[in-house]
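Worksheet: the structure to be examined is printed underneath.
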Amino acid sequence: MTATDDRRRRIEHALVGCAVGDLLGGPYENRRPPPAGWQALAYASPSPRWSDDTQQSLVLVDDVLRHGALDARRVMERFVAMRDEASAPAARFGLHRGTGRGFRAAVDAFAERGVAAPMPGRAGNGAAMRVVAVAVALGPGAGSVAQIEALSRSTHDEPLALDAARAVVEAAWALQDGVRGDDVLGCVVDRLPPGVVRDTLAGAVAAEDPFALFADAADRAAGCRLEHGPGGGHALAGPLSAIVLAARAPTLHVAVRDAVRLGGDTDSTAAIAGALRGVVDDVDTLPAALLAFPGVETLRRWGAPQLPSLDEWWALERRLSARADAPGRMRG
Ligand SMILES: [Mg+2]
């Protein structure tokens, strides 16, 4: 296998791992977590649709594979074009599914003014949820960090959100390098800039319950309790929990299952955990039912030498945004 083949395979498995976590966690996002005996063996819906975590991961990785670099402006223009798609139900943000208010405001502002103008003070996990596959596509290095950070700054300006995204990127590169277990956490801490994210992750290594520690740190930063559990959508909670799960879980499947069990922003936490483990694990070890979601064959082609055309990508996202109850619209 050549270096390029290996990289494309890792990208494919990171994207599929992201989608599986996204789809497993979707029904539980900011609701009651799954029951204690839940084993994550099947999806709640017969026709589950991946959400913003997978959508944005795919747009970022596609930009790199098609153009050789991640360009924040080009990506924002694509997010605007997705917003402007008329085929989706009016209640949605165009073709975007499951986006947060801060993301929508940043895309609207970019569409109006042509410059990045993220809402201030939003320490969500939106910059962190989408960066694993693109980190693999770009490979480690200061230039890659700069490109990913420029994109992060297009939708987020809060240092906690930016550093959490950087932490996920460093975790992906550590795993790709063959680092495993708590050494992954050590690597990330060593490579992060000084700040609350680094200190919080460093504290988790020896903590009895790292997830409780993250929730407490998020509460302190936000000034209020996370409503729906330690996997909450704060940058200090979900992304750092996902890194710990990806580092410590025995398998990819356990990583995504346990991410959903944490509660809170279950789709994003599980999407990050699944993407990180997809960098090093074979997604085909997952239960077969989890690999039978609509669009999976097309998604996997981002790991093949011949990229799907942009027309195919638009058709896929239009199909996935069609009403779930419309008969005959989804055929896998
Ligand atoms: Mg989502």
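Structure values in brief
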| quantity | calculated |
| --- | --- |
| Number of the exception - Ala289 against (1) away from the ligand (no atom under 16 Å from the Cβ); (2) in contact (Cβ under 8 Å) with a residue 24 or more places away in the chain; (3) buried (at least 17 other Cβ atoms within 10 Å of the Cβ) | (3) |
| Any hit, the stretch 74-93, residues being touching a residue at least 40 places away in the same chain (Cβ under 8 Å), away from the ligand (no atom under 16 Å from the Cβ), in a helix (DSSP H, G or I) and more than 24 Å from Gln306 (Cβ to Cβ) | yes |
| Close pairs from the stretch 236-248: first touching a residue at least 12 places away in the same chain (Cβ under 8 Å), partner among the acidic types (Asp, Glu) and crowded, with 24+ Cβ neighbours inside 10 Å, Cβ under 8 Å, at least 6 apart | Ala237/Asp265; Gly238/Asp265 |
| Matching entry among Thr99, Thr54 (being within 16 Å of the ligand (Cβ to nearest atom), in contact with a strand residue (DSSP E or B) (Cβ under 7 Å, 6 or more places away or on another chain) and of a type in the set (Ser, Thr, Tyr)) | Thr99 |
| Given (1) away from the ligand (no atom under 16 Å from the Cβ); (2) of a type outside the set (Ser, Thr, Tyr); (3) in contact with a Leu (Cβ under 6 Å, 6 or more places away or on another chain), index of the condition Trp38 fails | (3) |
| Conditions (1) among the charged types (D, E, K, R); (2) farther than 23 Å from Ala273 by Cα; (3) modelled with pLDDT of 95 or more: number failed by Asp325 | (3) |
| Among (1) surrounded by fewer than 16 Cβ atoms within 10 Å (Cβ to Cβ); (2) at pLDDT below 95; (3) of a type outside the set (Val, Ile, Thr), the one test that Glu77 misses | (2) |
| Check on Ser45, surrounded by fewer than 23 Cβ atoms within 10 Å (Cβ to Cβ) and within 16 Å of the ligand (Cβ to nearest atom) | yes |
| Output for the stretch 263-296, where each listed residue is in a helix (DSSP H, G or I) and farther than 16 Å from Arg10 by Cα | Thr266, Asp267, Ser268, Thr269, Ala270, Ala288, Ala289, Leu290, Leu291 |
| Condition check for Asp63: within 16 Å of the ligand (Cβ to nearest atom), part of a helix (DSSP H, G or I) and under 17 Å from the mean Cα position of the chain (by Cα) | no |
| Residue list for the stretch 115-156, restricted to those being at pLDDT 95 or above and on the phi > 0 side of the Ramachandran plot | Gly139, Gly141 |
| Search result, residues across the stretch 10-60 that are farther than 29 Å from Ala81 by Cβ and basic (Lys, Arg) | Arg31, Arg32 |
| Failed criterion for Val115 (all others in (1) β-branched (Val, Ile, Thr); (2) in a loop (DSSP other than H, G, I, E, B); (3) under 28 Å from Cys187 (Cβ atoms) hold) | (3) |
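So that you can scan it fast, the table gives a plain yes or no per residue for (1) at pLDDT below 95; (2) assigned to a loop (DSSP other than H, G, I, E, B):
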residue: Glu170; (1), (2): no, no
residue: Arg180; (1), (2): no, yes
residue: Arg225; (1), (2): yes, yes
residue: Pro230; (1), (2): yes, yes
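The values are calculated or read from the model by the stated rules, or taken from the named source; none is laboratory data. In this text the structure is predicted, and so the values were computed from the model without any measurement. No Cβ is skipped: glycine too gets one built from the backbone with ideal geometry, and neighbour counts run over all protein chains shown.
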